[in-house]
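Quick note: the coordinates plus some simple rules give every number you see, no bench work behind them. Treat the numbers as computed from the prediction; the structure is a model and nothing was measured. For neighbour counting, all protein chains shown are included, and Cβ atoms are generated from backbone atoms with ideal geometry for every residue, glycine included.
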Amino acid sequence: MAEQEKTPLVDIRHLKKYFNISTGMFSSKPLKAVDDVSFTIKKGETLGLVGESGCGKTTVGRTILQLYKPTGGEIIYDGKPVRTAKDLAAFRTKATMVFQDPYSSLNPRMTVADIIAEPLDVHNLCKTKEERRERVLQLMDYVGLNSEHASRYAHEFSGGQRQRIGIARSLAVNPEFIVCDEPVSALDVSIQAQVINMFDELQDKLGLTYLFIAHDLLVVRHISDRIAVMYLGKMVELAEARDIYDHPLHPYSKSLISSVPVPDPKVARANQRIVLKGDIPSPLNAPSGCPFRTRCQYATDACAQSMPEFKEVKPGHFVACHRTEEIN
Amino acid sequence: MSLLEVRDLHTSFFTDAGEVPAVNGVSFTLERGKVLGIVGESGSGKSVTAYSIMQILADTGKIVGGSIKLDGQELVGAGEKVMRTVRGNKISIIFQDPMTSLNPTYTVGHQLIEAIRLHTNRDQKQAYERAVEMLRLVNVNDPEKRMKQYPHEHSGGMRQRVMIAMALACEPDILIADEPTTALDVTIQAQILELMQSLQKELGMAIIMITHDLGVVAQLCDEIIVMYAGGICEQGTADEIFYNPRHEYTKGLMRSIPSVDNDGEKLQPITGTPIDLLNLPAGCPFAPRCDSAMKICIREKCASVRINDDHAAACWVNVKDGFNEAYDPDGTDNGEEV
Ligand SMILES: Nc1ncnc2c1ncn2[C@@H]1O[C@H](COP(=O)(O)OP(=O)(O)OP(=O)(O)O)[C@@H](O)[C@H]1O
Ligand SMILES: Nc1ncnc2c1ncn2[C@@H]1O[C@H](COP(=O)(O)OP(=O)(O)O)[C@@H](O)[C@H]1O
Ligand code: SF4
Ligand SMILES: [Mg+2]
Ligand SMILES: [Mg+2]
């Protein structure tokens, strides 16, 4: 245990991903989708990543797996930096991704067995047909799919079942680390619970480590050990799940958490929501200094001058705000 | 007399695969100034219920039975002429994705003015003033400038506010909101919900809030209808539905959502798969997924029984427990045996 505390499985340092957006025939501008984000994930841990649409959650996930080439920063996996093509190939057999949309992320012309086996084929992980078949059935069993489903096509399944197919496929390479990008957002609540439990069980059984991206804070709180909050490409707060949910320190997290509609009428009626003014600025025209200052009720001149440092204000609780001490 | 009385509503779609009974036997009453929530899983008939009230169903859809009375006036079979005076004037609707109901090729102002002129006898200038006033009412800054812009120049939250402004321009008695915030981020959702709440109080209109988010209904609604497979499995005040659920589906739904109460525990999902309307079971439509199902549940559908003054449910477990007074949404003739 103590050993694991020292070296996290995933160690992300100053990650940046800028997209070039053309603003005219000869001009372009960098869109800073992810701008200097650092965090670690311990082995067997679930780190939840929340924030509003467009704040850069998916880009963080895809850039870690280098589905996008990072603009800057370093990805250190199991103590070793992922730098060369060879590092990356090895990394890709240990880290995979589950996507949001169970409807469009599966090829409708392939059978369930072929979809799940595709990564096995790509990485040449099975020597015989028999071995491949056994592995597919084992994976289907992990995610609670009936073996009779193997020869059917993805479009014949419900959303929850398709999400299971996607997860079985992600498990094919025997990964240690999975980036789950809104894996339950498209599902009905009753089906959502089935899939959330499955993530829990797989983690226990296979010792998996998750980066769990979602915008539903109650889901994230349920599944995560720690939660990170992003705003406009920056990380603004990171702490233990309960700590951040009960005592958010950053003004944005405070508003985000108070805005969650609580499924309990008495609590909901008594809830003091901190309703923000205005809209999220475009990441192409991000404010100077603190990205949140245009909507922040505590903003001062200093907030427009410089980006607040992402500091550890209590053990394990990180916040990026100039005024953390004064407002809490 | 209630503002809206829906009795035994049946709506079907006639498709190549057969008749899809999307709404089968929905009855409820909406009083002036109240907020009614309709919840249920995808495909349970929430939107079709709303579209039936507005009579804006797809060509293949038809109200095949029942009655919808607005202020005592029967709307089923009343004809398009009557419905045109109802839509926009007495009942307005806003949809999940405001982009589908705003025309991208006209300015926001143009569309607002059109809508106002269609439903009132204001002239162009009066309609313009009313439009600006409405935008101000829904907290749009600099409304004169926003009027000149096209929908794509507005953010999702802003477009939804424009839709609300448009829906409220004619001061309807009922606003139907079909998942108005599902496509929005939580902080923007909070803005819109707060806006709807304050407008509702200010204007005294009734709202039918359709959503799958139990948090949204808990925050907003006086009364709640829970739908499953085109029917109402349970209806009552918000407190009754949340703190005293009486249908096994509602109970399952409450157990399956993450909350502060089941922190650190396993969620208890509803097992099985959602219903196929083309193959409805003979008995209770929830029986195939229900852990408490008894023999009678599989054989026969349970009618709605009264639990108390504020609550009714269609589940045999209650009948077994001695609740057997038929539910009557008017509350006039009590005591009928099931
Ligand atoms: N135009 C149509 N043709 C055929 N069937 C339809 C049509 N519109 C709706 N249905 C069917 O009617 C049933 C109820 O649909 P409805 O849109 O009311 O569901 P809902 O409760 O609003 O779901 P959601 O939460 O997904 O919006 C579904 O089974 C649906 O497939
Ligand atoms: N491939 C891309 N090209 C250009 N811009 C992109 C691309 N992917 C994402 N972005 C932009 O980067 C920002 C962050 O997006 P994303 O990571 O998808 O956010 P989230 O997942 O939090 O909703 C957004 O402004 C988005 O428009
Ligand atoms: S740094 Fe300033 S603007 Fe940013 S959150 Fe803190 S107080 Fe608000
Ligand atoms: Mg995303
Ligand atoms: Mg709907």
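Need one word for the protein assembly as shown: rounded, prolate or oblate. Basis is the Cα gyration tensor (sqrt eigenvalues a ≥ b ≥ c); a/c below 1.5 gives rounded, then a/b vs b/c decides. Judged from the Cα gyration tensor, the protein assembly as shown comes out oblate (a/c at least 1.5, b/c at or above a/b). For the protein assembly as shown, DSSP calls about 65 percent of its internal beta bridges antiparallel. Taking the C-alpha atoms only, the angle from helix A:112-122 to the longest principal axis of chain A is near 80 degrees. Projecting the Cα atoms of A:ALA241, A:VAL229, A:VAL219 onto the charge dipole of segment A:179-246, computed from C-beta unit charges around the Cα centre, puts A:VAL229 farthest toward the positive end. Run the reach check for A:LYS254 against lysines, Cα to Cα strictly under 28 Å, same-chain hits fewer than 8 apart removed. What comes back? Cα-Cα hits under 28 Å: A:LYS16, A:LYS17, A:LYS32, A:LYS42, A:LYS57, A:LYS234, A:LYS266, A:LYS277, A:LYS311, A:LYS314, B:LYS201, B:LYS266. The trypsin sites (Lys or Arg not before Pro) of segment B:217-274 that meet both conditions, a loop assignment by DSSP and at most 14 other Cβ atoms within 10 Å of the site Cβ, are B:LYS266.
Anisotropy class assigned to chain B is prolate, per the alpha carbon gyration tensor with a/c at or over the 1.5 cut-off and a/b larger than b/c.
In terms of its alpha-carbon gyration tensor, segment A:47-183 comes out oblate; a/c meets the 1.5 threshold, while b/c is at least as large as a/b. Take every Cα pair under 8 Å in segment A:103-174 that's 6+ residues apart, average their separations, divide by the length, and report that relative contact order as a whole percent. In percent, rounded to a whole number, it is 50.
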